[in-house]
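Visitor: Below you will find the structure I want to go over with you.
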Amino acid sequence: MLLEVKEKVPALYPFLYQAYSSNSKLFFSESPIISQVGAQQGDPLGPLIFSLGIQKAISTPRSPLNVWYLDDGILGGKPEEVREDLLTLLPLLKELGLEVNSSKCEFYPCSSDSRESFPSFSAILPGLKELSTQNFKLLGSPIFPEAIPEAFQIREQLLHFAKERLKNLSAHVSLTLLRSCFAVPRLTYFLRTVPTWLYPEHIDSFDRTLKESAECLLNVSLNTDQWDLASLPIRNGGLGLRRARDVSLPAFLASAAGVVELVSKILCLDGDRTTIPYASDAQSAWRALNLGASVPEIPFLQRCWDVVGVKRIFDSLMTNAVGADRARLNAASKPESGAWLHALPSPNLGTLLDNDSLRVAVALRLGCDVCQPHLCICGSMVESNGHHALSCCRCAGRFPRHHALNDIIRRALVSANIPSTLEPPGLSRSDGKRPDGLTLVPWEKGQSPVGVAWPQEPFGQSGGQELYFSKGLLHLNGAV
């Protein structure tokens, strides 16, 4: 490797000589292990120097298809050509200290003649596996459409297995892991490399499993509209539990647009004549789903394709919503409303919601049922949507929220070097109540503002200007 580095990249040679000219010691417990072969694992330059080390050997095959990614190689051509290249390549790799693991090698016959040659290849590589269109995969991605159903089933089983494990964790942690790791993020590479939209029944089956997982972990029941909303990105009012049905076309189209140039270089073709299989079909399906939409200006960005479908789903929800549901959708789509979903659920940081709090927060965001209808202690009827608790004068959470608002205002004033005090005694009021806060220095014309965080209208004058909340906005003397 060092000789190749000295010849091809001489600027790196002095540094790599210090790192690799002598043996390195690896430590396992108290026992040292001498590292004498190959690049060090974790070395950022490791892939480069390994590739340089094997470049001459892997350049010798004459097969029409000779593609390598580090130590994974693909040879394709007539059986006799590939067999001759193998007989030449294996000794060259052995001279470099590399031996082919024949049990991990795979053989795909493109014709009946190729299939008859399998025994001769098996003699060179004992344990060689013969593939068919149903199980031929490259880097974990199916090559032929016939292999897509089985691949979907495997991934659906993994999601179901993850759901059973996630039930042992906090609901907040489970939601974060499901959204960020075990659902569509685990499917992204598969969706970007395979025409999965051609198999809607398998996509819908995966999405049903995802919906069941969300309902189980969050302890809510989702109807069609609520599940549509939950599947949207957080910035659009959802929970970020993206469905494979919504992401499959944008993922494939972005990937197809992004790899055209690379594919043309690998296959030594003119870039203008290079076409990605199923790319035109995917674009036609996308246009049919999003009528009137034009191709994004940056087609290799998945988000550019995805936002069109997200907007279509959200607009449909807004069209069907009325009254409080429409207001809820408007509020949920504001950027700040989903900040709590982006927070790391950590008990040490105080950002971990208990299961009931998370259930209520998700239900209010999506419009799910929070509780059974019943009579409140205040005498009013509590509906299943749980909205009454947000305005009930005897709600247990009313006073903690009230105190939290007051504390936020006080800390904001203190950070601005304006000393203040909470619930100051001795101020004259007509009803005998104390205001929520008062600055200890004048605000304007020698008068100090008096703070009232609840209700929406300020209490009676106390000789100062009124400071209060109305519809989530901070008012001071009438100015927002």
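The values are calculated or read from the model by the stated rules, or taken from the named source; none is laboratory data. The shown structure was predicted, so the numbers you read here are calculated from the model rather than taken from an experiment. Note: ideal-geometry Cβ built from the backbone for every residue, glycine included; neighbour counts use all protein chains shown. The protein model used for the area step is the full one, side chains on, heavy atoms only, and it has no ligands, DNA or RNA in it. Shrake-Rupley method; radii C 1.70, N 1.55, O 1.52, S 1.80 Å.
Visitor: Using alpha-carbon positions, what is the distance between the centroids of region 402-417 and region 256-319, in Å?
Guide: Region 402-417 and region 256-319 have Cα centres separated by 49 Å.
Visitor: Then there is this: What distance in nm separates the two pseudo spin-label positions at SER415 and LEU390, each 7 Å out from Cα along the beta-carbon direction?
Guide: 2.5
Visitor: Using Cα pairs under 8 angstrom and six or more residues apart, how large is the relative contact order of region 215-264, in percent?
Guide: Once normalised by length, the contact order is 17 percent.
Visitor: Oh, and also: Dipole size in debye (nearest 20) for the chain around its Cα centre, Lys and Arg Cβ +1, Asp and Glu Cβ -1?
Guide: Result for the chain is approximately 1360 debye, rounded to the nearest 20.
Visitor: Further question: Evaluated at 4 °C with a viscosity of 1.567 mPa s, what Stokes-Einstein diffusion coefficient in µm²/s does the chain have when Rh comes from the Kirkwood expression over alpha-carbon pairs?
Guide: In µm²/s, the coefficient rounds to 45.
Visitor: Still on this structure, please answer the following. Determine the per residue accessible area of the chain with all protein chains present and a 1.4 angstrom probe, expressed in square angstrom.
Guide: Accessible area per residue, the chain: 59 Å².
Visitor: Along region 332-348, what does the Karplus equation 6.51 cos²θ - 1.76 cosθ + 1.60 (θ = phi - 60°) give for ³J(HN,Hα), rounded to whole Hz, x for Gly and Pro?
Guide: Calculated HN-Hα couplings, in order: 5, 7, 6, x, 6, 5, x, 4, 5, 6, 7, 5, 5, x, 10, x, 5 Hz.
Visitor: In addition: Between region 102-124 and region 206-236, what is the separation of their alpha carbon centroids in Å?
Guide: The distance from the Cα centre of region 102-124 to that of region 206-236 comes to 46 Å.
Visitor: Using a cut-off of 21 Å between alpha-carbon atoms, which lysines can reach LYS78, once sequence neighbours fewer than 8 places away in the same chain are excluded?
Guide: LYS129, LYS137
Visitor: How much of VAL37 can a 1.4 Å solvent probe reach, expressed as accessible area in Å² and rounded to 10?
Guide: It works out to around 120 Å².
Visitor: Related question: Starting from region 387-418, pick out the trypsin sites (Lys or Arg not before Pro) whose DSSP state is loop and whose Cβ has at most 16 other Cβ atoms within 10 Å.
Guide: Hits after loop and neighbour filter: ARG394.
Visitor: Expressed in nm to one decimal, what extension gain is obtained for the pair ASP369 and ALA331 from 0.36 nm per residue of sequence separation less their Cα-Cα distance?
Guide: Here the segment from ASP369 to ALA331 would lengthen by 11.9 nm.
Visitor: So who's got an amide H within less than 5 Å of the one on CYS105, skipping anything under 5 residues away but keeping other chains? H placed 1.01 Å off N, in plane.
Guide: LYS129
Visitor: Sticking with this structure for a sec: Long-range amide H contacts for ASP369: which residues qualify at under 5 Å (H placed 1.01 Å from N, peptide plane, sequence gap of 5 or more or a different chain)?
Guide: Close amide H contacts, sequence-distant or interchain: SER221.
Visitor: Amide H of GLY437: which non-local residues (sequence gap of 5 or more, or other chain) have their own amide H closer than 5 Å, using H built in the peptide plane?
Guide: Those lying under 5 Å, H to H, from GLY437 are GLU423, GLY451.
Visitor: Let me ask something else about it. Rounded, prolate or oblate: pick one for region 298-389, where a ≥ b ≥ c are the square roots of the eigenvalues of its C-alpha gyration tensor, a/c under 1.5 means rounded, and failing that, prolate if a/b is larger than b/c, else oblate.
Guide: Verdict is oblate for region 298-389.
Visitor: Can you give the local net charge around LEU222? Use residues other than it whose beta-carbon is closer than 13 angstrom to its beta-carbon, Lys and Arg +1, Asp and Glu -1.
Guide: It works out to a net charge of -1.
Visitor: Kindly provide the trypsin sites (Lys or Arg not before Pro) of region 139-224 that DSSP labels as loop, not H, G, I, E or B, and whose Cβ sees at most 12 other Cβ atoms within 10 Å.
Guide: Here the trypsin sites (Lys or Arg not before Pro) that fit, given the DSSP loop and packing criteria, are LYS167.
Visitor: Sticking with this one: Got a sec? Charge dipole of the chain, +1 on Cβ for Lys and Arg, -1 for Asp and Glu; which of GLY73, GLY237, SER280 is way out at the positive end?
Guide: GLY237
Visitor: Multiplying the sequence separation of SER221 and GLU81 by 0.36 nm and subtracting their Cα-Cα distance, what value in nm do you get?
Guide: Residue separation times 0.36 nm, minus the Cα-Cα distance, leaves 44.4 nm.
Visitor: Percent of alpha carbon pairs in region 91-159 separated by more than 17 Å?
Guide: For region 91-159, the share of Cα pairs beyond 17 Å comes to 57 percent.
Visitor: Could you compute how much accessible surface SER294 exposes when probed at 1.4 Å, giving the result in Å² to the nearest 10?
Guide: The accessible area comes out at roughly 90 Å².
Visitor: Could I ask something else about it? From the phi angles alone, apply the Karplus equation (6.51, -1.76, 1.60; θ = phi - 60°) to region 365-374 and give each ³J(HN,Hα) in whole Hz, x where the residue is Gly or Pro.
Guide: 6, 9, x, 7, 6, 9, 7, 7, x, 7
Visitor: Here's a follow-up. Can you tell me the dipole magnitude for region 287-407 around its Cα centre, using point charges on the Cβ only (Lys, Arg +1; Asp, Glu -1), in Debye to the nearest 20?
Guide: Approximately 180 debye in magnitude.
Visitor: Counting GluC sites (Glu not before Pro) as exposed when in a DSSP loop with at most 15 other beta carbons within 10 Å, what is the longest stretch of the chain free of them?
Guide: 100-296
Visitor: Using every alpha carbon pair in region 244-343, what percent of pairs falls into each 10 Å bin from 0 up to the bin containing the largest distance?
Guide: The distribution over region 244-343 is 14, 34, 28, 15, 8, 2, given as percents.
Visitor: So, one more: How much mean residue ellipticity at 222 nm does the chain get from its helices, if each DSSP H run of length 4 or more adds -39500 (n - 2.57) and you divide by all residues, to the nearest 500 deg cm²/dmol?
Guide: Only helices count here, giving -13500 deg cm²/dmol.
Visitor: Roughly speaking, to the nearest percent, how much of the chain's 1.4 Å accessible area is carbon and sulfur?
Guide: For the chain, the apolar C and S fraction of the accessible surface comes to 56 percent.
Visitor: On to the next question. What area, in nm² and to one decimal, does the C-alpha convex hull of region 170-325 cast on average over all directions?
Guide: Seen from a random direction, the Cα hull of region 170-325 projects 10.6 nm² on average.
Visitor: Choose one of VAL173, ASN135, ILE203: the residue whose Cα lies farthest towards the positive end of the charge dipole of region 135-256 (beta-carbon charges +1 Lys, Arg; -1 Asp, Glu; about the Cα centre).
Guide: VAL173
Visitor: In a shell of Cβ-Cβ distance under 13 Å around GLY309, excluding GLY309 itself, what net charge do Lys and Arg (+1) and Asp and Glu (-1) give?
Guide: +3
Visitor: Additional query: Can you compute 3J(HN,Hα) from phi for each residue in region 244-250, using the Karplus curve 6.51 cos²θ - 1.76 cosθ + 1.60 with θ = phi - 60°, rounded to whole Hz and x for Gly and Pro?
Guide: 4, 4, 7, 9, 4, 5, x
Visitor: Where the only charges are on Cβ atoms (+1 Lys, Arg; -1 Asp, Glu), what is the dipole of region 213-322 about its Cα centre, to the nearest 20 debye?
Guide: 80
Visitor: Please give the net charge around SER255, taking every other residue with its beta carbon less than 15 angstrom from that of SER255, where Lys and Arg add +1 and Asp and Glu add -1.
Guide: That works out to -1.
Visitor: Sticking with this one: Please list ARG328, ARG365 from largest to smallest accessible area, probe radius 1.4 Å, with all protein chains kept in place.
Guide: ARG328, ARG365
Visitor: Based only on the alpha carbon positions, what is the Kirkwood hydrodynamic radius of region 370-417, in angstrom?
Guide: In region 370-417 this quantity evaluates to 12.5 Å.
Visitor: With a Förster radius of 41 Å, plug the Cβ-Cβ distance of LEU90 and GLU150 into 1/(1 + (r/R0)^6) and report the FRET value to the nearest 0.05.
Guide: Step by step, r from the Cβ atoms, then E = 0.80.
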